[in-house]
Amino acid sequence: MASAGEQLFVPARRVAVDAVRQHVEQAAFLWAQRDNWGQEDPTDETVIGEISQRIEINLDGLRIAGAAAWPAAERQLDDFPDKGEFFVVGWMAIEQGDATRIDQTVAAAKELDERRGLVGALAWHQPPKIGHLVHDWLVAPDAFKRYLAVGACLEHGVDPRQLLARLVKDADAPARAFALRLAGRLKRADLAREMAAALESDDEIVRLWAGWALTQLGSGDLARVELRKAAVAGGPDALIALRAAITAGPEKDVRAWMGGLMKSVATAPLAVRGIGMLGDRSILPWLIERMNEPYVAVAACAAFLELFPEAREETKLFTVDPTDLGPAFAEFFDDEVVGVAVPDRVESWRAQTG
C-alpha cells in the first residue's frame with residue numbers, strides 16, 4: 001500500500017496540474033477575445049456576456065487551485081506576455097492578496113506598456129477588493145499606476161472626488177486622457193473649465209477625450225472642430241471621436257458635414273458609419289445601396305447593425321468572405337476576412353419585416 005507521501009505523485013496529481021494549466025490558458029484566451037469583441041463596431045453585448053460566463057468558469061478553477069496555479073500562470077505569461085495573460089496574472093495576484101506579485105505584475109506590464117489586461121483584472125474584481133490599491137495608486141508617483149487606478153474607477157463608475165481635479169491635469173498624457181474620460185462619464189460639470197483647457201493640449205489623445213467629456217456635459221459645441229478633426233484623422237479612436245462629434249450636433253450641421261465626407265473615397269466610410277449613428281431607421285434603403293459598394297460596405301454593415309440590432313440573429317444576412325459578393329469585392333478585399341452584409345438578403349429581410 002502506498003504511503004501518504006507516495007500518493008502525492010500518483011497520476012491524479014498530474015491531471016490536476018494539466019487542468020490548472022488549461023484554466024490559465026482558457027481564461028487568458030477568452031478574456032483577450034472578450035476584449036477584442038468589446039472593441040468591435042458595433043459591440044455585441046450578447047456575445048460578450050456569453051464569453052464572460054466562460055471566463056468566470058475558468059477563474060473558478062483558479063480560485064480552487066489557489067497558489068498552486070502560479071507556476072502555470074507565470075509560465076504562460078513568460079511565453080505569451082499579452083493582454084490576456086496579464087489579465088490572468090493580475091487577477092490572481094489581487095484575488096490572493098499577494099502584494100509582491102501585484103507589484104511584479106505591474107512592473108512587467110509597465111515595461112511592455114501593456115495596460116488593457118491589468119485594467120481588465122481590476123474591473124473583474126469588486127470595488128471593496130481593490131479599493132486599497134486604487135486609493136494608493138491614484139496618488140502614486142508612478143504615472144502607470146495612476147493610469148491603472150483611473151481605469152479601475154472608470155470601469156466601476158467610481159468618483160475619486162477631489163483627486164479627479166488633479167488627475168485631469170496630470171502631466172502624463174495617458175493618465176490625463178483617462179481622467180478626462182472618467183470626468184465626462186461622471187458628468188463632473190465642476191471640471192468643465194479643465195476639460196476646455198485640455199483642448200489646447202499638445203497630445204491628441206488628451207484633446208480627444210477632453211472633447212468627448214465636454215459632449216457628456218452638453219457642451220460639445222466647444223469641441224466640435226477638434227472632434228471632427230480626430231474622426232477624419234483615423235486611428236483607433238476615430239469612431240469614438242465621430243460619435244462624439246455627432247452628439248455635439250446640431251443635426252443639420254452634422255448631416256451637412258457628413259455629406260461633404262461622402263464626396264471623397266477616403267472619408268466616405270466615416271460618413272456612412274456616422275449616418276448610422278443618427279438613429280434614423282428610414283435610411284435602410286440607402287444603406288442597402290451602400291452595401292453594394294466595396295469601399296463603404298464594412299461601414300454600411302456596421303451602421304445597419306447599430307440601427308437594427310435584431311438583425312444579428314439573422315446570420316444569413318452576413319458573410320465574412322466578401323468575395324461571395326462578386327469580382328469587385330474580391331478585387332477590393334483580396335483575401336481579407338471582414339464582416340459585410342449581403343445586400344439582396346438584407347433587402348428581402350426588409351421586405352419581410354416591413
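A few points about this structure:
- Computed from backbone phi, the HN-Hα couplings of region 214-230 come to 5, 5, 5, 8, x, 10, x, 4, 6, 10, 4, 4, 5, 5, 5, 4, 5 Hz, rounded to whole numbers (Karplus: 6.51 cos²θ - 1.76 cosθ + 1.60, θ = phi - 60°; Gly and Pro given as x).
- Phi angles of region 17-23 translate, via the Karplus equation with coefficients 6.51, -1.76, 1.60 and θ = phi - 60°, into HN-Hα couplings of 4, 5, 5, 5, 4, 5, 4 Hz per residue; Gly and Pro are given as x.
- Scalar couplings 3J(HN,Hα) for region 93-105, obtained by applying the Karplus form with A = 6.51, B = -1.76, C = 1.60 to θ = phi - 60°, are 4, 5, 4, 8, x, 8, 4, 5, 5, 4, 5, 5, 5 Hz; x denotes Gly and Pro.
- Once the Cα-Cα distance is subtracted from the 0.36 nm per residue extended length, the ASP18 to ASP221 segment shows a gain of 67.4 nm.
- Here ASN36 and GLU336 are evaluated by their C-beta separation; at R0 = 22 Å the FRET efficiency comes out at 0.85.
- Shown is the FRET efficiency for HIS132 and VAL47, computed with R0 = 35 Å from the Cβ-Cβ distance and rounded to the nearest 0.05: 0.55.
- Ranked by the mean number of other Cβ atoms within 10 Å of their residues, highest first, the peptides 207-219, 28-40 fall in the order 207-219, 28-40.
- With a Förster radius of 22 Å applied to the beta-carbon distance between ASP202 and GLU114, the computed FRET efficiency rounds to 0.35.
- Average accessible area per residue (Å²) across the chain - probe 1.4 Å, nucleic acids and ligands excluded: 51 Å²
- Between region 287-354 and region 187-237, the alpha-carbon center distance in angstrom: 33 Å
- Tensor-based shape of region 228-354 (alpha-carbon gyration tensor, a/c under 1.5 rounded, otherwise prolate or oblate): oblate
- Surface share of carbon and sulfur [accessible, 1.4 angstrom probe, percent] for the chain: 52 percent
- For PHE318, the amide hydrogen comes within under 5 Å of the amide hydrogens of VAL342, counting only partners 5 or more places away or on other chains and with H modelled in the peptide plane.
- Here region 220-354 is assigned +1 on the Cβ of each Lys and Arg and -1 on the Cβ of each Asp and Glu. Its dipole about the Cα centre then comes out at about 600 debye.
- Distance between modelled label sites at ALA123 and LYS229, nm, 7 Å Cα→Cβ extension: 2.9 nm
- For region 181-252, the alpha carbon positions stretch 30, 30, 17 Å along the principal axes, listed from largest to smallest.
- The chain: calculated mean residue ellipticity at 222 nm from DSSP helix runs of at least 4, using -39500 (n - 2.57): -21500 deg cm²/dmol
The values are calculated or read from the model by the stated rules, or taken from the named source; none is laboratory data. What you are looking at is a predicted structure, and each value in this text was computed from that prediction instead of being measured. Virtual Cβ from ideal backbone geometry, glycine too; neighbours counted across all protein chains shown. Ligands, DNA and RNA are excluded from the accessible area calculation, which covers all protein heavy atoms including side chains. Shrake-Rupley method; radii C 1.70, N 1.55, O 1.52, S 1.80 Å.
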